[in-house]
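Here is the structure we will look at.
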Number of protein chains: 2
Amino acid sequence: MSVAAVRLAFLRSCRAMAGQFADVDAVMDWFAAKDRQRRFEVRRIPLAALCQWDYVADPLRLVHRSGRFFSIEGIAVETDFGSVPGWDQPIINQPEVGILGLLAREIDGVLHFLMQAKMEPGNVNILQLSPTVQATHSNYSRVHMGNAPRYLDYFTEPGRARVLLDQLQPEQGARFLRKRNRNMVVVVDEPVPPHEDFRWLTLGQIKALLARDNIVNMDARTVVSLIPLADPDEPPDYGMVNGITGFGLDVYLSFCRSDKERHSMDDIMAWLTAGKARHAMRVAPKPLDRLRGWIVTDNDIRHESGLYFSVIGVDVAAKTREATRWSQPLLHHQGQGLVGFLCQRHGGVLHFLARGSLEPGNRDGMEIGPTVACSEVALRSRRACPPALLEFFLDPGNFVVRYDAVQSEEGGRFHHFQNRYMVVELPPGRALELPDHYLWMTAGQLWRMARHGHVNIEARNLMACLGLLETLP
Amino acid sequence: MSVAAVRLAFLRSCRAMAGQFADVDAVMDWFAAKDRQRRFEVRRIPLAALCQWDYVADPLRLVHRSGRFFSIEGIAVETDFGSVPGWDQPIINQPEVGILGLLAREIDGVLHFLMQAKMEPGNVNILQLSPTVQATHSNYSRVHMGNAPRYLDYFTEPGRARVLLDQLQPEQGARFLRKRNRNMVVVVDEPVPPHEDFRWLTLGQIKALLARDNIVNMDARTVVSLIPLADPDEPPDYGMVNGITGFGLDVYLSFCRSDKERHSMDDIMAWLTAGKARHAMRVAPKPLDRLRGWIVTDNDIRHESGLYFSVIGVDVAAKTREATRWSQPLLHHQGQGLVGFLCQRHGGVLHFLARGSLEPGNRDGMEIGPTVACSEVALRSRRACPPALLEFFLDPGNFVVRYDAVQSEEGGRFHHFQNRYMVVELPPGRALELPDHYLWMTAGQLWRMARHGHVNIEARNLMACLGLLETLP
């Protein structure tokens, strides 16, 4: 399959609202049925009551007795970027590269993707659609010791499937210390053993579900964000988008090669390099019980202001056949955040306003983020100095809201961590006063930068939500 | 200046063998005159006699009393990559990002680059041509405190020049711990104050000098490697390469967009990601006096086998107006290394055989290296198990040697560290049995990967040497 053929197959799949499921409502019927069977009970418990999790010293941190999974550690942050020169915080340390993998197969001439109805203890609604595989490195390095996640071998065994993409992508730099995962899409020709929790969806169906709140999980969104709607090396193929109009067409054209980009790729690299060179963030380990502003108790770890997040314990009873039960810490989030892109047509081509983002967990300094990413948005918008450009999202006025849905962050690490994802379009020519570190990019340019791991997960997750539909379904 | 205009200006400059200097011989006359005036005397001294440099403990390492410049530290390496599962070695730690900058200006319609005749204590021939600026972070962060390198403000002060490229690029991962530099090219319209050590050269003149031994230094080579001979997004413009024939034309076409690439960019990213995920290298600090196989004395630090490199001290007397004098450690290399690319036409387009390279100083695991990179080549070729494919360079037989010159690595850190750089072309269709981690790429693909920092310095330095000339001058 040539690159052109793969790109075309992605685009066709994105246009297909019917596939193995007749339509999105049929997917939702199946999903609702799975949801009625769900067999997870999640109960909050004190951190001290967690089974197998202990505080260990030097520096004080919360770890699993096996040394596996992840740990909750403290860090002290100093930086010359942004308005706050320093702070302390807990952070998740999970120094291994997992696999987020989407298995693809052509069915009746349309590429389908194998999605899993998956329960995670931290999701507000427990059940969401995940990619085919979410595997930690311990999962996949001991694949032959049994207990490997279903379908994992398509991603790890050479020759089982053709690799369409395999990229290292960063996770939330404000919550994870230098965490990255391999994001993979692989394709098989032959049929795949079915399983009751897995179904084949078209890309168009996944995109339509992304317009709804809390159906498609974070791991699926990051993989989907890397599937381009067009080849940024090629001019538009109007025959292929016959019938697509309005904002859907604008998104497609923004993925395509054009000579209307406001900045070249060389300019974008130079902008990012200068940002990396200009600003530093020093991150030093610090014992959990010595973090300024944080209170550590047997019950939880929380900030004295009640803001940000807290570390809580949950007990999970999975009433599956295996009747497993476990307990684990999660990062609980009280209020909702906001992740937003401003977009605007320049020279007729849709551009997105990217912002340089520097967070303590970033592996390599500044990354490319969305226009706005703000936690606890209700509280922070009332403060003296709200994040720049936030007002365009809270009060869009005459501007057109192109996307607006609430999505959850990874439910295996975060408890009720939801962000409102928005795309707001400014009319052409409407001038903006931009603070430092903002740059307009096309969707194709964002995708090209993402391919090399330069785009953060908030920006990727929001780009994943953009499809070819003119309006929200 | 649009991207297309910049690319065209690069190509024109590469074709121009005449410019401010009438030809390359005229450059060499100026260089020889500078060389006759040279005012550096370099004398080996014991490490214990270095002024301001001390061994400090926990772990034992060699540092400058100011805490600035760099330090020589010990590391223990463990890996599942390659044939050696672990070793100890000294390494240079210089945790800051410097600037390697080339100032460009159009003169009589041709882009020229300002090169400096610069003395470095470690060069075999002391004087070589460097880029306009080689600045450490301490240089450029205190630019207003005086003593800033000449012309630095063109690279650091917004608005002084237009940035054509600005990229973070890794240095030698076998000798530097996670070291990177910003590689920059900036262009000015107005005249620049002249200085006796600086001259404007065309890209064609620089490429011609790269065919000679030890004229263009490592810092210049890495910046030049990032200047593309064509736009990888565009098909060839045969009008622009009228008169270019043979291997020079093949190199140009290999930079251009074509549909003959053996692997897509997605494939290349997937290959690199899989290599990063499959192989790890653990690097732990270790006191210099406890490194297995290394002998630390007041005189030097050396390996008991006499192989690899040693850490020596030098005393430098610069008889310039300021009559400065200093002493410093350098990494001394006894024998010559070899850095080589095999190339071959596939579907009529020249491809280069890249090899995944994992070295202890790499910041992010595997990088893209040349086909062969081997130190102490005379000794290692006689051993039982020489590096794969080395024989094609030591005994090319009927294969065509497209490039063959000896170049020096950075003379400010390395003493007499020379590599023989070679490009050898196999006839089309000649099959090769490839070990793991090799992949054929076009020059345009290597350049695209280099733009994002994935290509190591040995591969970049060799690509820099390729120009539009059919045969070596």
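Worth pointing out:
- Residue match in region A:290-299 (condition: closer than 20 Å to A:HIS415 by Cβ, of a type in the set (Asp, Glu) and at pLDDT 95 or above): no
- Residue within region B:212-226 that is assigned by TED's automatic domain parsing to the domain that holds B:ASP35, in contact (Cβ under 8 Å) with a residue 40 or more places away in the chain, under 22 Å from B:ASP23 (Cα atoms) and touching a Gly at 6+ places or on another chain (Cβ under 6 Å) present: no
- Conditions (1) surrounded by 17 or more Cβ atoms within 10 Å (Cβ to Cβ); (2) closer than 21 Å to B:PHE70 by Cβ; (3) of a type outside the set (Phe, Trp, Tyr); (4) out of contact with any Lys or Arg (no Cβ under 8 Å at 6 or more places or on another chain): number failed by B:THR324: (1)
- Cross-chain or 6+ apart pairs with Cβ under 7 Å, region B:269-287 first and farther than 12 Å from B:HIS454 by Cα and within 8 Å of chain A (Cβ to nearest Cβ), then surrounded by 22 or more Cβ atoms within 10 Å (Cβ to Cβ) and acidic (Asp, Glu): B:ALA270/A:ASP166; B:ALA274/A:ASP166
- Positions within region A:418-458 being surrounded by 21 or more Cβ atoms within 10 Å (Cβ to Cβ), more than 14 Å from every other protein chain (Cβ to nearest Cβ) and of a type in the set (S, T, N, Q), in sequence order: A:ASN419, A:ASN456
- All of (1) buried (at least 17 other Cβ atoms within 10 Å of the Cβ); (2) within 23 Å of B:ASP108 (Cβ to Cβ) hold for B:LEU47 with one exception: (2).
- Boolean, A:SER83 is touching a residue at least 40 places away in the same chain (Cβ under 8 Å), assigned to a loop (DSSP other than H, G, I, E, B) and polar (S, T, N, Q): yes
- Matching residues, region A:308-353, being among the aliphatic types (A, V, I, L, M), in a strand (DSSP E or B) and farther than 21 Å from A:GLN418 by Cα: A:ALA317, A:ALA318, A:VAL349, A:LEU350, A:LEU353
- For region B:391-417, the candidate set comprises residues that are of a type in the set (Gly, Ala, Ser), touching a residue at least 24 places away in the same chain (Cβ under 8 Å) and in a loop (DSSP other than H, G, I, E, B); within that set, the residue that is surrounded by the fewest Cβ atoms within 10 Å (Cβ to Cβ) is B:GLY412.
- Taking (1) within 30 Å of B:GLY239 (Cβ to Cβ); (2) not assigned by TED's automatic domain parsing to the domain that holds B:GLU376 in turn, B:PHE309 satisfies each apart from (1).
- Taking the criterion of being more than 14 Å from A:GLY356 (Cβ to Cβ), of a type in the set (S, T, N, Q) and under 24 Å from the mean Cα position of the chain (by Cα), the only residue of region A:252-287 that qualifies is A:SER254.
- Restricting B:ALA431, B:ALA464, B:ALA450 to those that are among the aliphatic types (A, V, I, L, M) and free of Cβ contacts under 8 Å to residues at least 24 places away in the same chain reduces the list to B:ALA431.
- Filter pass, A:GLN89 being modelled with pLDDT of 95 or more and either more than 14 Å from chain B (Cβ to nearest Cβ) or surrounded by 14 or more Cβ atoms within 10 Å (Cβ to Cβ) (or both): yes
- Test set (1) away from chain A (no Cβ under 14 Å); (2) in contact (Cβ under 8 Å) with a residue 40 or more places away in the chain; (3) within 28 Å of B:HIS333 (Cα to Cα); (4) buried (at least 18 other Cβ atoms within 10 Å of the Cβ) - B:SER71 fails condition number: (2)
- All positions within region B:433-473 that are hydrophobic (A, V, I, L, M, F, W, C), under 23 Å from B:TYR252 (Cβ atoms) and in a helix (DSSP H, G or I): B:ALA443, B:LEU446, B:TRP447, B:MET449, B:ALA450, B:ALA459, B:LEU462, B:MET463, B:ALA464
- Residue within region B:288-302 that is among the aliphatic types (A, V, I, L, M) and under 30 Å from B:CYS465 (Cα atoms) present: no
- Checked against the criteria, A:ASP197 counts as more than 27 Å from A:ASP404 (Cβ to Cβ), of a type outside the set (Val, Ile, Thr), in contact (Cβ under 8 Å) with a residue 60 or more places away in the chain and assigned by TED's automatic domain parsing to the domain that holds A:GLN37.
- Qualifying positions in region B:237-268 - outside any helix (DSSP H, G or I) and either under 20 Å from A:ALA161 (Cβ atoms) or more than 10 Å from chain A (Cβ to nearest Cβ) (or both): B:ASP237, B:ASN242, B:GLY243, B:ILE244, B:THR245, B:CYS256, B:SER258, B:LYS260, B:ARG262, B:HIS263, B:SER264
- Residue-level analysis places B:ASN461 among those that are more than 14 Å from chain A (Cβ to nearest Cβ) and either more than 22 Å from B:PHE81 (Cα to Cα) or more than 21 Å from the chain's Cα centre (by Cα) (or both).
- Only residues that are farther than 30 Å from A:MET281 by Cα and of a type in the set (Lys, Arg) were counted in region A:156-184, giving 2.
- For region B:354-385, a tally of residues being within 14 Å of chain A (Cβ to nearest Cβ) and not in a strand (DSSP E or B) returns 5.
- Test: B:ILE206 is in contact (Cβ under 8 Å) with a residue 60 or more places away in the chain, in contact with a strand residue (DSSP E or B) (Cβ under 7 Å, 6 or more places away or on another chain) and within 14 Å of chain A (Cβ to nearest Cβ): no
- Some residue of region B:20-43 being out of contact with any strand residue (DSSP E or B) (no Cβ under 8 Å at 6 or more places or on another chain), farther than 30 Å from B:PRO287 by Cβ, within 14 Å of chain A (Cβ to nearest Cβ) and in contact (Cβ under 8 Å) with a residue 40 or more places away in the chain: no
- Residues of region B:151-161 satisfying the condition of being within 12 Å of another protein chain (Cβ to nearest Cβ), outside any helix (DSSP H, G or I) and in contact with a Phe, Trp or Tyr (Cβ under 9 Å, 6 or more places away or on another chain): B:ALA161
- Qualifying residue in region A:328-350 (condition: more than 27 Å from A:ALA459 (Cβ to Cβ), without any contact (Cβ under 8 Å) to a residue 40 or more places away in the chain and either of a type in the set (S, T, N, Q) or not assigned by TED's automatic domain parsing to the domain that holds A:LYS179 (or both)): no
- Single residue of region A:169-219 satisfying the filter (out of contact with any Lys or Arg (no Cβ under 9 Å at 6 or more places or on another chain) and of a type in the set (Gly, Ala, Ser)) that is surrounded by the most Cβ atoms within 10 Å (Cβ to Cβ): A:ALA208
The values are calculated or read from the model by the stated rules, or taken from the named source; none is laboratory data. Just so we're clear, the structure is a prediction, and the values are computed from it rather than from any experiment. For neighbour counting, all protein chains shown are included, and Cβ atoms are generated from backbone atoms with ideal geometry for every residue, glycine included.
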